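**Q** Below you'll find the structure I mean.
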Amino acid sequence: MRTILTPKMEHALNKQVNAELWSAYLYLSMSYNMKAKGWIGISKWFYAQAQEEFTHAKHIMDYIVSVDGKVNLMPIEEVQLSWNSPKDAFENTLMHEKIVTEKFHELMDLAIELKDYASQAMIRCFIKEQVEEEDTARGYLQILKLIDGEKTALYLFDKELAARETNMKMDSHKELLC
């Protein structure tokens with residue numbers, strides 16, 4: 001009888017948990033760096049992103065346990081601590097989200113190779129989520145490039161991001177559960 005989760009997939013999923021927690025630390029770092037510079041709305045947006053990454057890690061850990069796997073929390077590497085500007089932080093965000101997308105593609109490749117249909121279904125939800133994440137980061141970066149450091153426009157951008165509810169996307173994770 002085939003087990004749902006092979007040791008190879010369990011290890012790969014635990015590495016992804018670590019990557020999600022690292023992402024949460026990165027967004028927390030961005031949040032507090034922006035807050036220290038007076039960008040309260042941008043800080044709030046990055047804080048919400050950090051919460052979302054913690055939720056992603058929890059979802060993967062819950063999945064691992066649900067298929068009789070073992071969660072193995074690994075040390076989290078240091079993250080960058082400072083960005084020169086909101087534009088700099090969003091450039092880093094888009095680059096980071098592209099890396100995360102690639103990690104999920106690699107997980108899907110492994111799940112396909114192992115004929116792990118349950119993991120494929122779970123990973124597919126994250127791949128769909130990554131399309132949204134990259135699009136959002138790309139959109140904000142395009143706005144910041146248009147603003148080009150103009151202080152009034154940057155102030156209005158900060159105010160717009162302040163309107164994001166900290167747990168706004170948390171409810172959308174009901175969709176993520178597919």
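The values are calculated or read from the model by the stated rules, or taken from the named source; none is laboratory data. All of these numbers come straight from a predicted model, not from anything done at the bench. Reconstructed Cβ throughout: ideal geometry from the backbone, glycine too, with neighbour counts over all protein chains shown.
**Q** Lys103 is checked against (1) among the charged types (D, E, K, R); (2) in a loop (DSSP other than H, G, I, E, B); (3) touching a residue at least 60 places away in the same chain (Cβ under 8 Å) and fails just one. What number does that condition carry?
**A** In the conditions (1) among the charged types (D, E, K, R); (2) in a loop (DSSP other than H, G, I, E, B); (3) touching a residue at least 60 places away in the same chain (Cβ under 8 Å), Lys103 misses (2) alone.
**Q** Since Glu10 meets every condition but one in (1) acidic (Asp, Glu); (2) in contact with a Lys or Arg (Cβ under 9 Å, 6 or more places away or on another chain); (3) under 23 Å from Ser82 (Cβ atoms), which condition does it not meet?
**A** Condition not satisfied by Glu10: (3).
Results for (1) surrounded by fewer than 21 Cβ atoms within 10 Å (Cβ to Cβ); (2) in contact with a Phe, Trp or Tyr (Cβ under 7 Å, 6 or more places away or on another chain); (3) β-branched (Val, Ile, Thr); (4) in a helix (DSSP H, G or I), shown as yes or no for each residue.
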| residue | (1), (2), (3), (4) |
| --- | --- |
| Ser31 | no, yes, no, yes |
| Lys35 | yes, no, no, yes |
| Ile42 | no, no, yes, yes |
| His59 | yes, no, no, yes |
| Ile76 | yes, yes, yes, no |
| Glu91 | yes, no, no, yes |
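**Q** Where the second residue is at pLDDT 90 or above and aliphatic (A, V, I, L, M) and the first is more than 14 Å from Lys44 (Cα to Cα) and lies in segment 151-165, which pairs have Cβ atoms under 9 Å and are six or more apart or on separate chains?
**A** Matching pairs, first to second residue: Ala153/Ile143; Ala153/Leu146; Ala153/Ile147; Leu154/Leu144; Leu154/Ile147; Leu156/Ile147.
**Q** Report every pair of residues separated by at least 6 positions or lying on different chains whose Cβ atoms are under 6 Å apart, first residue within segment 72-92 and under 14 Å from Ala50 (Cβ atoms), second assigned to a loop (DSSP other than H, G, I, E, B).
**A** Listed pairs, sorted by first residue: Ala89/Trp83.
**Q** Of all residues in segment 3-22 being of a type in the set (D, E, K, R) and under 15 Å from the mean Cα position of the chain (by Cα), which is nearest to Glu113 (Cα to Cα)?
**A** Lys15
**Q** For segment 158-176, name all the residues that are touching a helix residue (DSSP H, G or I) at 6+ places or on another chain (Cβ under 6 Å) and either on the phi > 0 side of the Ramachandran plot or at pLDDT 90 or above (or both).
**A** Asp158, Lys159, Leu161, Ala162
**Q** Exactly one condition in (1) more than 16 Å from Ile76 (Cα to Cα); (2) modelled with pLDDT of 95 or more is false for Ile4; which is it?
**A** Failing condition for Ile4: (2).
**Q** Let me ask something else. Looking at the structure I just gave you, is Leu5 assigned to a loop (DSSP other than H, G, I, E, B), of a type in the set (A, V, I, L, M) and either crowded, with 18+ Cβ neighbours inside 10 Å or free of Cβ contacts under 8 Å to residues at least 40 places away in the same chain (or both)?
**A** So Leu5 fits the description; yes.
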